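Report on the structure given below.
Just so it is clear, none of the values below were taken in a lab; they were calculated from the coordinates. Worth saying up front: this structure is predicted, and the values here are computed from it rather than measured. Here Cβ is always computed from backbone atoms with ideal geometry, including for glycine, and neighbour counts include all displayed protein chains.
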Ligand code: IFG
């Protein structure tokens with residue numbers, strides 16, 4: 001009787017601290033379940049490393065970024081394992097533990113790649129640059145038992161499958177765009193999205209900061225832009241905006257996860273919020289009302305007006321000073337209320353302004369109708385597989401970020417049953433998001449002209465973080481894989497298996513993902 005009481009008590013305790021049955025906690029994740037697929041991954045059969053209360057996390061001496069990444073790994077593991085997991089940096093690395101080293105990596109992994117070795121006695125991530133250590137730790141994260149992502153102590157043990165990975169990206173640009181103009185999202189909401197996209201080695205976050213429905217970044221020299229232009233959103237809600245301190249917090253949070261922020265001020269179209277904020281910016285001197293609908297193409301900055309360029313220079317000047325990344329995105333899409341001549345004149349001029357502030361221009365591919373600076377990047381977003389003005393610009397040296405709307409637009413419905421999102425570019429489920437080759441998609445735009453990919457999430461219909469997650473997962477990892485993994489690894493069957501293996505972790509992380517019917521999701525995920 002007494003033994004039974006103890007046993008039932010022990011089980012009770014185990015279950016009460018564990019969100020999932022103890023058996024699941026010990027499940028060793030398959031070494032081959034990583035998304036994006038690594039360049040090469042070889043499991044060592046029968047070998048696992050067990051994280052224990054004695055495990056030390058070691059980071060390269062003298063590297064602050066390496067220590068930061070080590071600290072993030074410790075911050076992930078301490079709450080779920082209950083282990084102390086000290087982070088140290090001293091020569092030589094402790095024999096037993098997890099080591100993040102900036103030596104010994106093969107040159108082939110470049111600046112963003114890494115080598116990961118898991119043996120019975122240690123886990124070692126080697127990279128040439130701190131960004132590579134971060135990428136290696138994201139792979140390690142995916143090899144941990146899914147309960148490692150819990151925020152309360154879970155039952156162990158904590159096995160990591162043994163093996164050897166050498167990995168590096170196909171494209172250097174793997175982006176996610178969040179439209180914070182149609183609906184405003186707080187710093188905390190953006191930071192959660194950064195956590196989620198960086199797990200899949202996304203390294204750019206494009207923030208669509210202005211549009212007809214809202215202006216979302218404070219500009220000291222034009223205070224009404226945020227105060228008034230940021231005071232509403234689609235549907236008439238309160239909107240909001242980032243103070244410059246808020247924006248800097250997002251930039252820093254992203255940088256600590258090796259994500260570079262690309263701010264977009266969309267122009268000359270998509271500018272009603274700015275035009276409503278300052279009557280003097282309008283050709284007729286009259287400010288239009290704030291707009292809370294979802295039409296596009298009806299607004300334009302006043303191209304002939306000299307004040308327009310003073311405005312742009314001051315806005316870009318303040319934004320550039322807040323943006324450590326190389327890019328400013330100037331939009332340029334759907335300028336239906338700007339005639340072609342004015343549009344070209346405008347884009348030519350704005351490129352000069354951005355360059356004068358030391359930044360490189362990105363614009364939606366419509367800017368190919370102007371004369372592009374050699375460094376200007378075009379972001380392709382149409383649903384076609386050819387675009388003559390873009391191909392001509394590419395022949396002249398322009399580089400391209402691939403965001404075909406019918407493949408990468410995360411605001412597209414999965415199917416006719418999806419309540420959120422739109423369908424003007426068609427339905428996009430996993431097979432569509434995954435089923436294309438960014439390096440061989442557009443006529444006249446070969447692999448060497450492609451910087452990479454980006455998955456935009458427009459938010460006309462997206463209001464909450466669960467809405468963001470429902471549309472981004474599981475499709476964003478598909479775009480992330482197209483940006484990172486070699487084309488030789490491209491296989492929908494294999495990807496679907498690896499994507500399904502992410503489901504249990506997303507459940508523990510509280511990610512509100514869509515259980516695509518194209519994927520076999522493990523029971524309970
Ligand atoms: N196109 C518009 C976006 C947004 C989108 C919604 C671009 C570049 C349709 N421009 O995509 O502002 O409304 O799917």
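Odds and ends about this structure:
- Across the stretch 370-525 the C-alpha pair distances fall into 10 Å bins from zero in the proportions 11, 37, 33, 15, 4, 0 percent.
- Shown for 377, 118: other C-beta atoms within 10 Å of each C-beta, ranked fewest to most, produce the order 377, 118.
- When Rg and the Kirkwood Rh are both derived from Cα coordinates, the Rg/Rh ratio for the stretch 31-93 amounts to 1.03.
- Across every direction, the projection of the convex hull enclosing the Cα atoms of the stretch 30-179 has a mean area of 9.4 nm².
- A Stokes-Einstein calculation at 37 °C with viscosity 0.692 mPa s, built on the Kirkwood radius of the stretch 451-491 over Cα pairs, returns a diffusion coefficient of 284 µm²/s.
- Degrees, to the nearest 10: 187-198 long Cα axis against longest axis of the chain: 60
- Where labels lie 7 Å past Cα in the beta-carbon direction, separation of residue 296 and residue 321 in nm: 3.3
- Remark: spin-label model distance residue 187-residue 286 equals 4.0 nm, labels positioned 7 Å along the Cα→Cβ axis.
- Gained length - residue 256 relative to residue 447, 0.36 nm times residue gap less alpha-carbon distance: 65.8 nm
- Rounded Å value of the spacing that divides the Cα centres of the stretch 382-452 and the stretch 249-300: 24
- Contour minus Cα-Cα distance for residue 52 and residue 497 (0.36 nm per residue): 157.3 nm
- Burial ordering of 216, 78, fewest other beta-carbon atoms within 10 Å first: 78, 216
- For the stretch 177-336, the alpha-carbon radius of gyration amounts to 1.00 times the rule-of-thumb value 2.2 N^0.38 Å expected for a compact globular protein.
- Compared with the dominant Cα axis of the chain, that is its longest principal axis, helix 2-17 is turned about 20°.
- Full extension of the chain between residue 220 and residue 349 gives 44.2 nm of extra length, using 0.36 nm per residue less the Cα-Cα distance.
- Residue 309-residue 427 pseudo-label distance in nm [points 7 Å out on the Cα-to-Cβ vector]: 5.0
- Each principal axis of the Cα cloud of the stretch 119-213 was taken in turn, and the coordinate range along them, longest first, works out to 57, 35, 16 Å.
- Taking the DSSP beta bridges with both ends in the chain, the antiparallel portion is around 30 percent.
- Overall Cα dimensions of the stretch 298-415, principal axis frame, Å, largest first: 44, 33, 32
- The stretch 24-129 - percent relative contact order, Cα under 8 Å, separation 6 or more: 26
- Kirkwood-based shape ratio for the chain, expressed as Rg/Rh from alpha carbons: 1.00
- Sites residue 515 and residue 121 - FRET efficiency at Förster radius 35 Å, r taken between beta-carbons, to 0.05: 0.35
- Convex hull projection area averaged over all views, the stretch 248-339, Cα basis, nm²: 6.9
- Taking the DSSP beta bridges with both ends in the stretch 50-192, the antiparallel portion is around 50 percent.
- Footprinting exposure proxy for 114, 278, 242, 291 (fewest neighbouring C-beta atoms within 10 Å first): 278, 291, 242, 114
- Value of relative contact order over the stretch 270-387, rounded to a whole percent, pairs C-alpha under 8 Å and six or more apart: 21
- Size descriptor for the stretch 186-229, Kirkwood hydrodynamic radius: 12.2 Å (Cα pairs only, one decimal).
- Relative pair counts by distance (%), Cα atoms of the stretch 67-120, 10 Å bins: 19, 48, 30, 4
- Helix-only CD estimate at 222 nm, as mean residue ellipticity for the chain, using -39500 (n - 2.57) per DSSP H run (n ≥ 4): -9500 deg cm²/dmol
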